[in-house]
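Below is one structure, written out as structure tokens; the observations come after it.
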Amino acid sequence: MTRISVTVDGVRYDDDVEPRTLLVYYLRERLGKVGTVVGCDTGNCGACTVLMAGPDSSPVGVKSCNVLAVQADRGEVTTIEGLSERGGPPHPVQQSFHERHALQCGYCTPGMIMATVDLLAENPDPTDEQIRAGLEGNLCRCTGYQNIVRAVRDAAAALRERATAAPAVPAARPAADVAEEVPA
Amino acid sequence: MTVTDERPTTEVGSARRRKEDARLITGRTMWTENITLPGMLHMAILRSPEAHARIAHIDVSAAAREPGVIAVLTGRDIADAQGSLPCAWPVTEDIVHPAHPALAVDTVRHTGEAVAVVVARDRGSALDALAAIDVDYDPLPVVLDMEAALADGADLVHPDKGTNASYTWVFDSAAAGTGGSVAEALSGAEVVIRRRYRQQRLIPAFMEPRSVVVDPTGDQTTIWSATQIPHILRFLLAVITGTPEHKVRVVAPDVGGGFGGKLQVTAEEMITFVVAQRLGRPVKYTESRSESLMSAHHGRDQIQDLELSARRDGTVLGLRVKLLSNMGAYLGLVGPGVPLLGAFMYNAIYKFPAYRFECTGVFTNTTFTDAYRGAGRPEATFAIERIMDELATELGLDPIEVRRRNWIGSGEFPFTTVAGLTYDSGNYEAATDRALRMLGYDELRAEQARRREAHDPVQLGIGVSTYTEMCGLAPSRVLGALRYGAGGWEHAAVRMLPTGKVEVVTGTSPHGQGHETAWSQIVADQLGVSFDDVEVLHGDTRTSVRGLDTYGSRSLAVGGIALVEACKKVVEKARPIAAHMLECDVNDLEFTGGSFRVRGNPDGGKTLADCALAVFAAHNLPDGVEPSLDADAAYDPVNFSFPHGTHLCAVEVDTETGRVDIRRYVAVDDVGLVVNPLIVEGQVHGGVVQGIAQALYEEAVYDPDGNLVTGTLADYLVPSAADVPDLLTDRTETAAPGHPLGAKGVGEAGTIASTPAVVNAIVDALRPFGVRDVPMPCTPERVWRAIREGGERS
């Protein structure tokens with residue numbers, strides 16, 4: 001067993017984990033963060049994507065089935081469940097996925113949304129082609145991706161607008177950090 | 001088409017955003033794998049590495065001693081309890097129907113077949129202990145190729161059955177009295193086209209791996225499963241295991257896609273059910289993706305031999321289809337019937353006079369096949385739409401023109417086809433004309449000519465697919481006549497709650513289709529209540545007692561009628577109550593906008609909510625009136641429904657590398673009247689992309705020893721966003737006659753239509769190279785080879 005200290009969705013956890021435990025199973029089985037799901041065993045589908053920040057690095061999208069829980073030690077993880085306040089307004093990416101009907105069965109959706117947050121942090125104004133390339137690591141079997149592309153486009157616009165409107169608002173959560181860091 | 005916020009005055013027809021989304025976008029979804037119960041054990045499955053072998057010996061003693069292990073069980077341990085997995089569609093009287101044990105007993109017949117299970121206190125311990133199970137296999141000859149399997153002296157998948165042929169099913173229009181003789185149509189015809197097409201094996205690859213939790217500790221044994229068919233599962237578990245049906249509760253919680261792949265009573269469900277009952281504790285099993293790809297049923301895998309005869313003016317005279325359909329090692333729930341769903345579709349939208357279809361189901365040492373999006377109809381549509389293009393080429397006609405000369409005119413409906421179906425309605429001309437305009441057909445043909453003239457290394461091709469399909473499964477009598485084991489009716493219940501809110505129970509079982517939204521829209525209109533005041537319940541046999549679940553584009557086409565009928569019954573039950581409160585005669589009342597009013601008096605009505613509260617109190621109901629505003633309805637259609645459409649695909653093919661790029665894809669679908677255009681468009685997008693995936697990317701491949709070499713998502717190429725194009729979609733609307741919503745069903749249309757459109761486009765681009773076919777999936781290598789082998793440039 002290895003001791004880790006990790007902040008997930010704004011809450012700090014100190015846990016002993018088997019060194020072989022994958023981050024996704026730590027999230028699901030130890031913390032009950034079952035919003036993050038497992039879709040494959042080869043890192044191809046991206047359903048398990050979360051944002052992870054190290055002690056000295058900013059958050060990036062990772063496939064949590066390709067990360068050991070011990071690698072998250074001293075880090076911060078944001079899952080789909082921490083992207084917006086419960087009962088509060090949804091994150092712009094969540095909202096645009098809803099508005100654009102960018103999900104059907106919804107199994108890929110948490111990973112797709114987290115990958116989108118990551119993509120837009122890196123490229124706040126992507127072309128359709130860049131969106132498609134940027135989400136290449138996330139598989140969806142239902143939507144044919146067209147409405148996902150539309151949703152990402154809308155979310156990008158909303159996030160740019162939000163960044164312009166309130167650039168100085170301090171972020172309460174790591175995920176919000178990502179959004180707020182988006183330059184105008 | 002871009003769906004805008006068109007808001008008609010009715011809910012039906014409006015692009016409502018989905019109710020389901022709130023939980024799905026926030027991670028508050030109830031997947032089966034999320035369920036954890038007190039004392040729950042975890043199961044892992046040891047799967048066969050052999051494609052065909054006798055199990056000589058299994059030693060589980062070491063595994064049983066591993067830490068955390070509660071039990072290790074083999075097929076012999078549960079043989080009596082597990083029975084045989086069901087096939088509900090024995091298509092002929094003399095079908096060869098071998099037993100299908102969930103956990104192999106003596107013999108394994110495909111790689112990935114379950115051989116033993118470990119039940120442990122946690123998932124990791126169960127998986128670890130698998131390695132400690134010692135199995136001796138005596139390998140047996142492996143049969144993979146369908147034609148080799150049927151040859152004299154072939155090795156047998158089921159030696160005790162004496163054959164690898166499961167059944168041969170024939171439809172002949174002359175014998176059926178629905179048309180003439182194909183032999184006559186073919187003999188001496190001016191043109192006869194013969195082609196062989198291969199429907200490669202596909203894997204449904206739903207995103208949520210299958211998962212099942214069984215809790216045997218209550219008065220009812222509860223099964224949560226990632227299934228499309230909770231009601232059918234309950235019935236069959238009861239029948240097969242002898243557990244009284246009322247002691248079995250099945251719940252399909254949120255289910256992450258199916259595409260037919262979860263239309264199955266699975267080995268994993270059966271094993272978990274039996275093992276949990278044996279141990280008396282809750283047990284969970286969730287498959288890995290690799291397990292899923294090798295053991296969840298596959299789809300397609302047919303060899304299609306076609307002979308089509310025509311006059312030189314393009315008039316088709318007859319079609320003979322000879323099919324080999326790979327059943328795999330066993331018969332799936334509806335597997336043998338899948339080709340039959342195609343049998344009625346080879347004549348497609350055309351009115352030729354003679355048709356014969358013959359299909360042989362073949363056993364091989366592969367994962368068994370069964371329904372995958374479209375189930376039989378994509379195969380048939382592919383074959384006829386490909387060969388119509390071949391006919392056009394043979395005659396020097398435009399592929400659109402050859403279709404025009406054969407299709408059923410919009411004034412000819414209802415039309416009884418050579419396959420004996422009566423097409424309800426359609427307008428092929430309108431859909432085709434719109435698609436041609438959207439694509440810019442003439443301009444692209446001109447560009448194609450220029451590129452051919454210039455010997456451009458990147459050639460342009462245009463593919464046509466004018467499809468129809470039979471959906472809304474289905475009339476129970478027809479299914480019975482085809483020897484299907486169940487009916488095709490659907491059920492709905494509507495309950496008015498005392499506060500005027502509405503609870504709706506549907507027997508359909510959505511797994512991404514958005515029924516909660518669409519059903520709410522329908523009920524809102526029928527009862528005059530708010531969209532938000534309707535709650536749609538489904539997928540739990542404790543609340544949804546009756547139903548036949550979701551597949552075959554049936555939920556709205558069949559279940560939607562049951563829902564409307566149930567709503568109408570509620571209104572009729574409320575009518576005497578409203579009349580009593582308004583002190584008027586029931587015949588003087590009209591019901592509009594959710595209120596009963598005395599005809600001619602717009603004021604002072606009573607809403608359904610008023611009636612619901614009156615029923616709740618029941619202090620002052622008219623004599624003899626039941627204190628209930630609940631109603632049930634079950635509906636059994638008298639016919640299938642027949643959506644149709646025209647899909648056009650323009651591809652650019654790099655003749656030097658074989659790379660195919662879809663330049664423009666147009667889909668004009670007529671799925672009848674539409675409840676929610678947003679959902680319909682989404683179904684078309686997803687369906688088309690699955691069909692494109694068959695054309696370009698996906699194939700389940702076995703090596704000569706029967707190992708699945710496409711056993712991960714790194715090898716089985718489910719396309720990503722970067723691999724598929726934007727689609728241009730639009731609709732024409734021809735109402736389904738007799739359907740209160742005019743709806744025809746849309747779940748499978750895109751997949752049925754798109755595969756031939758893409759392949760026709762590729763072949764069209766390569767006609768100057770003498771290419772007349774490229775086997776699917778049309779990978780760059782295959783396209784390149786086809787160009788090299790196709791002959792010299794003309």
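The values are calculated or read from the model by the stated rules, or taken from the named source; none is laboratory data. Model, not experiment: these values are computed from the prediction. Heads up, the Cβs are rebuilt from the backbone with ideal geometry, glycines too, and the neighbour counts pull from every protein chain shown.
Out of the residues in region B:738-772 meeting the condition of being in a loop (DSSP other than H, G, I, E, B) and more than 20 Å from B:Val12 (Cβ to Cβ), tell me which one is nearest to the other protein chains (Cβ to nearest Cβ). So, considering only residues that are in a loop (DSSP other than H, G, I, E, B) and more than 20 Å from B:Val12 (Cβ to Cβ), the one nearest to the other protein chains (Cβ to nearest Cβ) is B:Glu748.
Residue check: is A:Thr78 more than 8 Å from every other protein chain (Cβ to nearest Cβ), hydroxyl-bearing (Ser, Thr, Tyr) and free of Cβ contacts under 8 Å to residues at least 40 places away in the same chain?
Values: more than 8 Å from every other protein chain (Cβ to nearest Cβ): yes; hydroxyl-bearing (Ser, Thr, Tyr): yes; free of Cβ contacts under 8 Å to residues at least 40 places away in the same chain: no.
No, not satisfied.
Among the numbered conditions (1) touching a residue at least 40 places away in the same chain (Cβ under 8 Å); (2) more than 10 Å from chain B (Cβ to nearest Cβ); (3) among the polar types (S, T, N, Q), the only one that A:Thr36 does not meet is (2).
Here are some residues: A:Arg28, A:Arg86. Which one is surrounded by fewer than 24 Cβ atoms within 10 Å (Cβ to Cβ), under 26 Å from B:Ile35 (Cβ atoms), without any contact (Cβ under 8 Å) to a residue 40 or more places away in the chain and in contact with a Lys or Arg (Cβ under 9 Å, 6 or more places away or on another chain)?
On the way: A:Arg28 fails: in contact with a Lys or Arg (Cβ under 9 Å, 6 or more places away or on another chain).
Matching residue, one of A:Arg28, A:Arg86: A:Arg86.
For region B:272-280, indicate whether the set of residues that are farther than 20 Å from B:Leu46 by Cα and either modelled with pLDDT under 95 or among the aliphatic types (A, V, I, L, M) (or both) is non-empty. There is no residue in region B:272-280 that is farther than 20 Å from B:Leu46 by Cα and either modelled with pLDDT under 95 or among the aliphatic types (A, V, I, L, M) (or both). The residues of region A:1-25 that are surrounded by 14 or more Cβ atoms within 10 Å (Cβ to Cβ), away from chain B (no Cβ under 14 Å) and aliphatic (A, V, I, L, M), listed by number, are A:Ile4, A:Val6, A:Leu23. Residues in region B:481-516 that are within 14 Å of chain A (Cβ to nearest Cβ), surrounded by fewer than 24 Cβ atoms within 10 Å (Cβ to Cβ) and of a type in the set (Ser, Thr, Tyr): 0 in all. Go through the residues of region B:476-486 one by one and say whether even a single one is in a loop (DSSP other than H, G, I, E, B), out of contact with any helix residue (DSSP H, G or I) (no Cβ under 7 Å at 6 or more places or on another chain) and closer than 21 Å to B:Asn347 by Cα. Within region B:476-486 (the criterion being in a loop (DSSP other than H, G, I, E, B), out of contact with any helix residue (DSSP H, G or I) (no Cβ under 7 Å at 6 or more places or on another chain) and closer than 21 Å to B:Asn347 by Cα), the answer is no, since none of the residues qualifies.
Residues that are in contact with a helix residue (DSSP H, G or I) (Cβ under 6 Å, 6 or more places away or on another chain), surrounded by fewer than 24 Cβ atoms within 10 Å (Cβ to Cβ) and under 25 Å from B:Pro414 (Cα atoms) within region B:303-340 comprise B:Gly314, B:Leu317, B:Arg320, listed in sequence order.
Going through (1) crowded, with 23+ Cβ neighbours inside 10 Å; (2) part of a helix (DSSP H, G or I) one by one, B:Ala786 falls short only on (1). Return yes when B:Gly409 is of a type in the set (Gly, Ala, Ser) and surrounded by fewer than 18 Cβ atoms within 10 Å (Cβ to Cβ) and no when it is not. Yes.
Sort out which residues of region A:27-56 are more than 18 Å from B:Leu293 (Cβ to Cβ) and under 16 Å from the mean Cα position of the chain (by Cα), and write them in order of number.
At the first step, the residues of region A:27-56 found to be more than 18 Å from B:Leu293 (Cβ to Cβ) are A:27-36, A:49-56.
Once the filter is applied, which keeps residues that are more than 18 Å from B:Leu293 (Cβ to Cβ) and under 16 Å from the mean Cα position of the chain (by Cα), region A:27-56 yields A:Leu27, A:Arg28, A:Lys33, A:Val34, A:Gly35, A:Thr36, A:Thr49, A:Val50, A:Leu51, A:Met52, A:Ala53, A:Gly54.
Kindly state which strands (runs of 3 or more DSSP E) lie completely within region B:639-737 and contain at least 1 residues that are of a type in the set (A, V, I, L, M) and surrounded by 24 or more Cβ atoms within 10 Å (Cβ to Cβ). Give the steps one after another, and end with the answer.
Working: elements: B:644-654, B:660-670, B:728-731.
In region B:639-737, the matching strands (runs of 3 or more DSSP E) lie at B:644-654, B:660-670.
Among the residues of region B:738-762, none is identified as surrounded by fewer than 24 Cβ atoms within 10 Å (Cβ to Cβ) and over 26 Å from the mean Cα position of the chain (by Cα).
Any idea how many residues of region B:197-237 are part of a strand (DSSP E or B), more than 14 Å from every other protein chain (Cβ to nearest Cβ) and within 30 Å of B:Gln304 (Cβ to Cβ)? Before the answer, list the steps.
Going through region B:197-237, the residues part of a strand (DSSP E or B) turn out to be B:197-202, B:211-215, B:221-225.
Filter once more, keeping what is more than 14 Å from every other protein chain (Cβ to nearest Cβ): B:197-201, B:212, B:214-215, B:221-223, B:225.
If we keep only those that are within 30 Å of B:Gln304 (Cβ to Cβ) too, we end up with B:197-201.
Number of matching residues: 5.
Does A:Asp128 fit the bill of being surrounded by fewer than 20 Cβ atoms within 10 Å (Cβ to Cβ), within 14 Å of chain B (Cβ to nearest Cβ), of a type outside the set (Ser, Thr, Tyr) and touching a residue at least 40 places away in the same chain (Cβ under 8 Å)?
Details: surrounded by fewer than 20 Cβ atoms within 10 Å (Cβ to Cβ): yes; within 14 Å of chain B (Cβ to nearest Cβ): yes; of a type outside the set (Ser, Thr, Tyr): yes; touching a residue at least 40 places away in the same chain (Cβ under 8 Å): no.
Answer is no for this residue.
Every residue, every condition in (1) closer than 30 Å to A:Val24 by Cα; (2) in contact (Cβ under 8 Å) with a residue 60 or more places away in the chain; (3) in a helix (DSSP H, G or I); (4) within 14 Å of another protein chain (Cβ to nearest Cβ), yes or no:
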{"site": "B:Arg18", "(1), (2), (3), (4)": "yes, yes, no, yes"}
{"site": "B:Ala22", "(1), (2), (3), (4)": "yes, no, yes, yes"}
{"site": "B:Arg28", "(1), (2), (3), (4)": "yes, no, no, yes"}
{"site": "B:Pro38", "(1), (2), (3), (4)": "yes, yes, no, no"}
{"site": "B:Ala56", "(1), (2), (3), (4)": "no, yes, no, no"}
{"site": "B:Ile78", "(1), (2), (3), (4)": "no, yes, yes, no"}
{"site": "B:Leu85", "(1), (2), (3), (4)": "no, yes, no, no"}
{"site": "B:Ala88", "(1), (2), (3), (4)": "no, yes, no, no"}
{"site": "B:Val91", "(1), (2), (3), (4)": "no, yes, no, no"}
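Of the residues in region B:367-383, not one is modelled with pLDDT of 95 or more, surrounded by fewer than 24 Cβ atoms within 10 Å (Cβ to Cβ) and acidic (Asp, Glu).
If you go through region B:337-350 one residue at a time, do you hit one that is in a strand (DSSP E or B), in contact (Cβ under 8 Å) with a residue 24 or more places away in the chain and not assigned by TED's automatic domain parsing to the domain that holds B:Thr751? If you could, list the steps in order and put the result at the bottom.
Kept after step one, since they are in a strand (DSSP E or B), are these residues of region B:337-350: B:350.
Remaining after also requiring in contact (Cβ under 8 Å) with a residue 24 or more places away in the chain: B:350.
Then drop every residue that is not not assigned by TED's automatic domain parsing to the domain that holds B:Thr751, which leaves B:350.
Yes: region B:337-350 contains one or more residues that are in a strand (DSSP E or B), in contact (Cβ under 8 Å) with a residue 24 or more places away in the chain and not assigned by TED's automatic domain parsing to the domain that holds B:Thr751.
The listed residues are A:Ala69, A:Ala47, and the only one of them that is more than 12 Å from chain B (Cβ to nearest Cβ) and in contact with a Pro (Cβ under 9 Å, 6 or more places away or on another chain) turns out to be A:Ala69. Of everything in region B:238-259 that's assigned to a loop (DSSP other than H, G, I, E, B) and touching a residue at least 12 places away in the same chain (Cβ under 8 Å), which residue is farthest from the other protein chains (Cβ to nearest Cβ)? The qualifying residue farthest from the other protein chains (Cβ to nearest Cβ) is B:Thr243. Candidates in region A:89-119 are the residues that are more than 9 Å from chain B (Cβ to nearest Cβ), part of a helix (DSSP H, G or I) and over 11 Å from the mean Cα position of the chain (by Cα); of these, the one that is surrounded by the most Cβ atoms within 10 Å (Cβ to Cβ) is A:Ser96. Only one of the numbered conditions (1) in contact with a Pro (Cβ under 9 Å, 6 or more places away or on another chain); (2) in a strand (DSSP E or B); (3) of a type outside the set (S, T, N, Q) is not met by B:Val564, and that is (2).
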